[in-house]
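The values are calculated or read from the model by the stated rules, or taken from the named source; none is laboratory data. Small disclaimer: the values here were computed from a predicted structure and weren't measured. Side chains included, ligands, DNA and RNA excluded: accessible areas come from the protein's heavy atoms. Shrake-Rupley method; radii C 1.70, N 1.55, O 1.52, S 1.80 Å.
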Amino acid sequence: MDKRELRRRRIELQFAEKNLRRDGLATIGGVLTSVLITALFWNKAPLVDLILGGSGIGTITGVASAMAMTWGEPAGATDSTDTREKEAAMKAGIVKPGE
């Protein structure tokens, strides 16, 4: 695998819609749950433990919900961002037309 092929593959993986959705849901879940857990158990444990524990639980929940969403998609569904990202990679000279 040469350098251009590796870079093209990295860009495809980095901007795939399912990866962006998973990362977004994990981040949102982590932030919301850390705030929620901290608010619910304010006087029960140290603040750092509440924030870290809540963000861990939320991140896992976000990733699990993203996986459940992909399982619910029909077979053969393609990423809507696939075409746009390939066009951007071609303009940047990373991918040759037709690849």
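Tabulated data for the structure shown
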item	result
Set of lysines near Lys91 by C-alpha distance (under 25 Å), chain-local residues within fewer than 8 positions excluded	Lys3, Lys18
Extension gain from Asn43 to Ala64, taking 0.36 nm per residue of separation minus the Cα-Cα distance	4.6 nm
Whole-percent carbon and sulfur share, accessible surface of the range 19-60, 1.4 Å	75 percent
